[in-house]
Each structure stands twice: as structure tokens, then as C-alpha cells.
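Data first, discussion second: the structure below is written as C-alpha cells.
The values are calculated or read from the model by the stated rules, or taken from the named source; none is laboratory data. Predicted model only: the values in this text are computed from it and were never measured. All Cβ positions, glycine included, derive from the backbone under ideal geometry; neighbour counts span all protein chains shown.
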Amino acid sequence: MSHLKAAASRTLQLVLVLWAVVTILFLMFRLMPGNPLAAYIDPTFTVEQQEALMAQFGLDRPLWEQYFIYLGNLVQGELGQSFRYREPVAERILALLPNTLVLTFSSLIVAYAFGILAGAYLAWRRGSAAEQVAIPLVLTTRAMPEFWLGMVLLAVFSFWLGWFPAGGTRSAGAEYESLLDLYTSGEFLTYLALPALTLAIYSQGLPLLLMRSNMLDVMKEDFVTMARIKGLSNWTVVVRHAARNALLPVMTSFAIAVGYQLQGNVVVESVFSWPGLGRELVNAVSASDYPLAQGAFLMIAVVVILMNLIADLLYTLLDPRVGHA
Amino acid sequence: MREVAATRRSPGLLARLFGALKLPLNDPFAVSGLLIYAIFLVTAVFADQIAPYDPTEILYTPEYDLAADLRPGEQGHLLGTTSLGRDVFSQIVHGTRSALLIGVTAAFMVALIGSIVGLVAGYFGGWVDAVLMRLADIAFGIPFLPFVIVLAAFLEPSIWNVVLAMALVLWRDTGRVIRSQVLTLRSRGYVDAARVSGSSDLKIILRHIAPNILPLSFLYGSIAIGWAILTEASISFLGFGDPQSISWGYMLQDAFASQALAKQAYYWFVPPGICIILVVSAGFFITRGYENLLFPKLGK
Amino acid sequence: MTETLLSVRDLKVSYRVGRGSLDAVDGVSFDVPRGSILGLVGESGCGKTTVARALTRVMADNAFISGGSMLFDGRDLAALSERDMNALRWREIAFIPQSAMNSLDPVYTVEYQLNEVLRLRGGMGRTEARKRCEELFEMVGIEAGRLRDYPHQFSGGMRQRVAIALALALNPKLVIADEPVTALDVIVQRQILDQLRDLQRQLGLSVILVTHDISVVAYICDRTVVMYAGRVAEQGTMEATLTQPSHPYSMGLRNAFPDLQGAASGVLTPIEGAPPSLADPPPGCRFAPRCPFSIEVCASVTPPQVEVEPGHFAACHRAGEAPLLRERARHVSTWMAEA
């Protein structure tokens, strides 16, 4: 029962944070210097279009009225019209979301799989030469700008060796029925490889160091010693007992990592011309396409906030000690 | 006797400050980190003397052609020139200035705001704590880099955008950690003892609590330097930086826009990247050294 | 089948410290008769836990057996290969830890952890293991329905019972219990000790009970080994050692503990001072600095084990005068003068 209570209070928190971010966004775009209407109305729109937009978003009303209209619109998924593309922002955002998610999750899964195994291994091989080299190396991977790493990988694997394409999600002229078709096509993997690898290299540091640190702590625990006194095999002791306990915080960090990864996405998508939310945000801001910029930012924020909630819930779910009376 | 019940009196604020500045000299990586910082600091201060040219100056060959796309070593340019005819090495040297400037300022803001929030929330508890922690939740819900980009939409391109954004959002980690540290300290006897003996809240905070959280603040501050430099690099790379200030991020953007990859002009983007890696890694190593000093793990 | 299950001779266990080493256990010898409970008693740091862990050959990273032998059913545990030793673990030598909360994996149910031992170490099939689980729980007095629970869902006393059930899972010959009731309150202590004694009698187990609490020893042990500063001070049957202590340390111990059964035993008198540092132990008898009866030879010559009566030994130069010293030990002033 307390499981439900915890879930409920956290969902409430999510709504609160979401509301706050949405409000901050509203204030930012409305209160920006210059023409306040510029957030929604492009001067190149026709007069009829402008008037329609004014009515829809209540741009001639006082600020607090605008706010409620804004919230109402949001709840209905109405995010305005993109200046550049003359199409609804919501549609465009939703079309791009899968690309970003595919990139984010594939790179994170690789990063975590590697990080967990490497972290456990380093904990196992404490004090070895491998550890002395590996740790500073891992720290260095966190010190490099992701886009720089992307550029280096491009230089080596795409321009020099020619193994991978230089950007995009598909070859020029290739047509696919649906996104699913695209994702399951063979060539998609070659396009995904470098950007995902770039993000993975940057992100593996956290799970690696976390897993290693947790393993080192857990290995000192009494139940691990007891497992040895019971005569259980190394595999059982290290994997079934130590790693299983050490894994818990790492798994919850995965959910939060998605949120942080999305930021890295922004630059990597730009380097690899990956048609995702990040690149869209950058282009929209550069082109002063405010509705689109708002929409892209909002979508990213929603994913981040959602992932924070999932991280919280995951922890209560996975740890048998939490949630019991 | 006022201090009778106090089991432990923390040394004064200043004394603790200097104590915290103890340099982690036993860790070879931390030492190299400090060395790297020192080198970059000196370079930043004496940039004008060290750099052979003005970083923004467009150079010409003796034949009055644009001195563009020169390879390293050609015509005396240590790292070659950009496609606009600017000396790469001079840009690298001057880049240290904005890197360190932004890094330290932003880190200071993050550490300061985070520490104050953590202190107040942890010490006073109650609704103050609740409000501040909800603010932290909101800060955690704001995707940082996208936020900086959106800010760039409204504000003039400036290196201070990054500092502002970090001050608004990135205090969140520091805030939470400092808060839990303060909560632990609060539960110790001497805080209650000081209260009972009539010390004001401010005095207690300054005397007993602040000195104990200062090391943690420094720790997070030093990590934040790295975040700041990386963020600035990303922002400049995306084109939202200040074109007047030649930062390493700007160099990378310039390189990418000038088709460095296709032209195989590695000397355009590899050096600035290496510089960033060096400075940020140095920060990590120093932080690790401090961490081992302040929170030694037995048998580590 | 010989009468003695375990015979420890001159056992030395050392810890690598810095460039040198420290002898935590310095020449300990004792026998554990088959089907009896032996109490290994002494203050913290005397080396009793080190001896217990040495018997399992699972020790701290920097610990190692530096001498002596541990003959278990004729095989020297100190000399066995890791593989052979591992074959013995839990099947013949089991361990009950001090704090069951910390020694049970929090993320697995109790049943899982029992099954782990039964199937991986005992080679049992699923149904056989399940039956055994229920049997074990019944033995220690926990209802079978609780098998599916997690460790944190049990109370302290119940957890200790789980630990006992775990230890008995494979019908070991020797059970080593390291301070099994120290973390429990007095009433529960008694219940657990009763349980332990009943099981021991029922199954014919041999038990080594490590404790710092002499009243626990008095409650269920058949034989007692008193350790001090890495060495054996006195050993013998429980009655003999406790009613007729022949080493000044044991005499002092008796004064320092209330009787478990609550009977008035006189004034509580602690022994002044502290045990010596094992990094730099004093020459001769290690208790001499604190001993009210020490004479000149005590500070230079290590006392031999003197057999004051059959099977009852005391490592004291003045063991012959034990009855006289015992009488003097009863008076508080004897111990005060040592300050």
C-alpha cells in the first residue's frame, strides 16, 4: 500500500515540476526584450493569420489571461505554428522525438552495459595496473566535449577510413514507409553507429565509476564474507551477491542519465546532422523560430522530468527494503 | 560557563579556510592537475606576451595574399592558420583567458548559491527547506544545455550567458549535497549546545557549520569549473557564443564550419579539444585528490 | 571415531601491517571434544574471532596463518589446499555470525539463501531442498510461511534463528558461533541459547561458541577456553574454570560479570587497565602488567600451561597457589591496588 502512496506523491511532484518549467518557459518567451508578440507572430504572416493567432493565443489580453490560455493550449497539445515550416509545432516535434529517443537509448544501453561490466571488473581487480590506467582514462572521457569526440570519430572512421557515413539517418534519396522501417533497415545501423558511439564513450564513465565504487563497498559487507564462508563459488559470490547489490543504484542512475544524455544529444545531433529534437532546437533558435524552439525545449524537459520520476519509482521497486512497513 | 556543554568547538572560519586549501600533494594525478592549472593560468595572464599575433587579426602573406589554410609550421605559424587567415596558436593561447574566466566565475557562483541554499534549507528546516527543495526539483527538471540555448535566443551573445545559466540552474547538485551534510551536522551535540547557550543562528552557522561544509563547497566548485568550460565550448560550437571573444569552443565551431573534416585540417580542431580535455581533466584529478584528502576511504 | 573432533596446536595467525606483521594469535592450543559446546571467551582484541575465522580459512585480506596446526577429523585445516578446504566449508564446518542482519543478503528471500546452500553446496534437488527448508525452520522454531520473507522483515532474534537454520542446513560436524547473541536483548539471548543447546544435543553437534560474555559461557558451555592478548590463559571444563579459576585473569573476569541467572554474585569489579598492544607485546606473561599477583619471573618468562587438575590448564607461574590467589581475588581491594 505504501508503494502506491509513494508513487502518488512522486507523480504529484512531477506535475508540480512540469507546471513550474512550463511557467518559466511562458515567462521567458513573453517577457523577452523586444516585441512580446514576436514569440508567436512572424511579421511575414498575413494579416488574417496574425489575427487568427492573436485570438487563439489571446495575445491582446492581459498577461495572466494569456497564461491560462497558454496552459489550456498546452494541455490540448497545441503548441503553435512553426515560422519556418508553417506547420504545427506539435506534429513536427512528435515526428522528431523517435529519432532522438533511439539515439539516446541505444547509446546509453551500450554505455551502461560496458560501464557495469568494466566497473565490476575493475573492482574485482583492485590495485592492479589496469586500475591505475583505467581510472584516469575514464575521467578523461568525461573531460572531452562530446561534439569534439564526434568530430574526431568522424575524421577517423568516416573521412579517413570511409567505414561510416558522415551524418544523417539515411542515405540520400532512400525512401522508407515508416520510421520503423527505417530503424530496422540495415543501413540505419551504419548511420547510428558513430553518433551512438560518441555519446556512449562520453556516458560510460558514470556507470563505470559508480559500479566500481558500489562493488568495492559491497565486497566489504558481511554477507559477502558469509557467502565465502559458505564455500560458494567466486561467480556466486561476486555476481549473484556483490554485483546484484551494487547494481541497484546504477540502475536508477540509468533513468536519470537519460535526462542528462538528452543534453549531450543536442550537440551530437548537430555534428552528425541527426534529425532529432536537439538539432531542431538549435536550428529553431538560430532562425528565431520561437514556437518551434519552445516546443522542442518543452519536449526535452518533459522527457527529463518523466525520467526523474521513473528513477525514483525504480528505486522503490527494486529495493525490497523500501516500501515495506 | 557557556561552552560547557559543547563537546567540540570548530576552529574559526579563516583557519578552516586555509586548512581546506591544503594541497593534495601526495596524489601524482592531483599534482599534475595543479601543474596544468598553473601553466594555463600563466598562459592566460601573459597571453599577450606569449601569443605571436592578435587572435582576431586577419593575416596576409608577404605577397599580400590571405594567409589562410596554412599548415602547421608554414610561414612561422606553429599551428597553422584558419580559413580566415588567423593564427591558430595565438587563438589557443588567448582561449585560456575566457576558459579560466568563465570556469572560475561560473564555478564560484554554483558553489556559492548551492552552498547558501543547502545551508539555509538544512539548518532552518520546515517550510523554508520544503520551498528550497521544491526549487531544486524544478532546477533538476530544467534540461541545462537546452536552457542555455534558449537563453541565447534572447540575450546578446556573451560569454556571461553561460555563467548566468549555471548560476540559475546548476546550483542544484551542490545544494542537495550541502543540505544533507548540514542535516548531519545539525544532529550533532554542539549545535544544540550552542543554541541552548544563546548563540544566534547566524553565529552558529558561521562558527560551527560553515567551516565544516566549506571543503565540500570547494569540491563541487572545482568540478563546476569543468562543467562551465564544457558548456561554453558547446554553446560556442553551436554558434551562440560571442564571436568577439576567441574561446576554444569558438575555434571548434570555426573549424567545423570551415569543413575541417573534409579538408583534413586536424590542426584546427584537435589542439583546442586537447586544451579543453587537459583543463577539465586537471579539475577532475585535483577534485579526486581533495576528495581523498577530505574523505579518506580506508585502504583506498 | 575419536573423542576429539578438533585439535588446535600452537596456532599462530598474523596480520600484515605496513612492512611488518602483527601476531593476533600467538600459539593457541585447545581441543574440542566431539558432541560438546566449547566456549572461547575473552575481551575484544584477544584474538578469539581471529581463531574462529582461521578455522574457516576465510580471513581478512592481510591475515594469514603463520604457524601451528588445526587437526579436524585428522586433517590439518591449516595445510589443506584451498580446493580441499572449500569442500569442507559449510558441509562439515559451519558458521553463525554475530549480526545476522548484515550477514544475510538483503535482496534475496531467506528461502533463496537457504536453497542456495542446499542445492549449490548440498547437491539437493528442488523438492528435497524445499522439504529440508521447512524442516530447518521447524527445528529453529519459525513458521514455514516466513520462508518467502526478506531478511529485514524478521526481528533480531528471528534473524539469528535463520542464521542457525542456515548453519545447520548441511548437517555439519562443527558449528562455530561468533558472538551469536551479543546483539540481542537479554530475554531473547536466553531463548536463542536454549535453542542452540537443544539443537546441539538433538543433533550431536560440536560447537565452538565465541563470546566476550562469561555468563553466556556459564549458561551452555561444556568446556571453556579463556584467551588473553592472543594466547590461552586458561582452559578446562566449564565448571572447573568458572568455579575454580586458576589464572588471575579468569579470576578477575568472574568478578566483572553479573550472573546470567540473576543470582547475586557480589560486587562488580572491573580489571583495571587494558590489554597490551599486539604490535609490541610485553615480554613474558602478557597479563603481568595488570595482574595483582605478578612476581618478578612473570615479566621475563612466558608462563607454561600448568595442569592444575586433569584436563584443566592455566598459563601462570603461580598456578600451584591457585586456591590461595582465588581467595584473595574475591576481595575488591586486591584489584584496586593494581591501579
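Tell me, which residue of the range B:237-269 that is under 21 Å from B:Leu100 (Cβ atoms) and hydrophobic (A, V, I, L, M, F, W, C) is farthest from the other protein chains (Cβ to nearest Cβ)?
Taking the range B:237-269 as the starting set, the residues that turn out to be under 21 Å from B:Leu100 (Cβ atoms) are B:237, B:240-254, B:269.
Next, from what is left, pick out any that are hydrophobic (A, V, I, L, M, F, W, C): B:237, B:240, B:246, B:248, B:251-252, B:269.
Numbers: B:Phe237: 5, B:Phe240: 7, B:Ile246: 16, B:Trp248: 9, B:Met251: 11, B:Leu252: 6, B:Phe269: 6 Å.
Per the criteria, the residue is B:Ile246.
Helices (runs of 4 or more DSSP H) fully within the range B:99-202 that include at least 2 residues being within 19 Å of B:Thr231 (Cα to Cα) and of a type in the set (S, T, N, Q): none found. Within the range B:243-287, can you find the residues that are part of a loop (DSSP other than H, G, I, E, B) and buried (at least 19 other Cβ atoms within 10 Å of the Cβ)? Result: B:Ser245, B:Ile246, B:Ser247, B:Ala260, B:Leu261, B:Ala265. Using the structure shown, decide if C:Ala78 is assigned to a strand (DSSP E or B) and either surrounded by 20 or more Cβ atoms within 10 Å (Cβ to Cβ) or of a type in the set (Asp, Glu) (or both). In short, no. Mind checking whether some residue in the range A:172-189 is surrounded by 20 or more Cβ atoms within 10 Å (Cβ to Cβ) and either touching a Ser or Thr at 6+ places or on another chain (Cβ under 9 Å) or at positive phi (or both)? Looking through the range A:172-189, none of the residues is surrounded by 20 or more Cβ atoms within 10 Å (Cβ to Cβ) and either touching a Ser or Thr at 6+ places or on another chain (Cβ under 9 Å) or at positive phi (or both).
Considering only the range C:215-234, how many residues are aromatic (Phe, Trp, Tyr), touching a Gly at 6+ places or on another chain (Cβ under 8 Å) and more than 29 Å from C:Pro282 (Cα to Cα)?
The initial filter retains those residues of the range C:215-234 that are aromatic (Phe, Trp, Tyr), namely C:219, C:228.
After this cut, where a residue has to be touching a Gly at 6+ places or on another chain (Cβ under 8 Å) as well, the list is C:228.
Checking which are more than 29 Å from C:Pro282 (Cα to Cα) leaves us with none.
Result for the range C:215-234: 0.
The combined condition, being free of Cβ contacts under 8 Å to residues at least 60 places away in the same chain and touching a helix residue (DSSP H, G or I) at 6+ places or on another chain (Cβ under 6 Å), is not fulfilled by A:Tyr121. Considering C:Glu234, C:Glu272, the condition of being in contact with a Phe, Trp or Tyr (Cβ under 9 Å, 6 or more places away or on another chain) and at pLDDT 85 or above is satisfied by C:Glu234 alone. Determine whether C:Gln195 is within 17 Å of C:Val140 (Cβ to Cβ), surrounded by 17 or more Cβ atoms within 10 Å (Cβ to Cβ) and in contact (Cβ under 8 Å) with a residue 12 or more places away in the chain. Answer is yes for this residue. Scanning the range A:4-33 for residues that are out of contact with any helix residue (DSSP H, G or I) (no Cβ under 8 Å at 6 or more places or on another chain) and modelled with pLDDT under 85 gives A:Leu4, A:Lys5, A:Ala8, A:Ser9, A:Leu27, A:Leu31.
Looking only at the range C:132-145, decide whether some residue is at the interface with chain A (Cβ under 9 Å from one of its Cβ atoms) and not polar (S, T, N, Q).
No, the range C:132-145 has no match at all.
Screening B:Gly95, B:Gly103, B:Gly80, B:Gly76 for residues that are surrounded by fewer than 21 Cβ atoms within 10 Å (Cβ to Cβ) and under 28 Å from B:Asp48 (Cα atoms) leaves exactly one candidate, B:Gly76. Being touching a helix residue (DSSP H, G or I) at 6+ places or on another chain (Cβ under 9 Å) and farther than 21 Å from C:Gly42 by Cβ is the requirement here; does C:Ala299 meet it? Answer is yes for this residue.
Table: residues versus (1) surrounded by 21 or more Cβ atoms within 10 Å (Cβ to Cβ); (2) at pLDDT 85 or above.
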position: C:Ala256; (1), (2): no, no
position: C:Gly284; (1), (2): no, yes
position: C:Pro304; (1), (2): no, yes
position: C:Phe313; (1), (2): yes, yes
position: C:Ala339; (1), (2): no, no
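The residues listed here are B:Ser217, B:Ser197; of these, the one that is under 29 Å from B:Ala152 (Cα atoms), out of contact with any Gly (no Cβ under 7 Å at 6 or more places or on another chain) and either among the polar types (S, T, N, Q) or free of Cβ contacts under 8 Å to residues at least 12 places away in the same chain (or both) is B:Ser217.
If you go through the range A:246-284 and keep only what is within 8 Å of chain B (Cβ to nearest Cβ) and under 27 Å from A:Arg321 (Cβ atoms), you end up with just A:Gly259.
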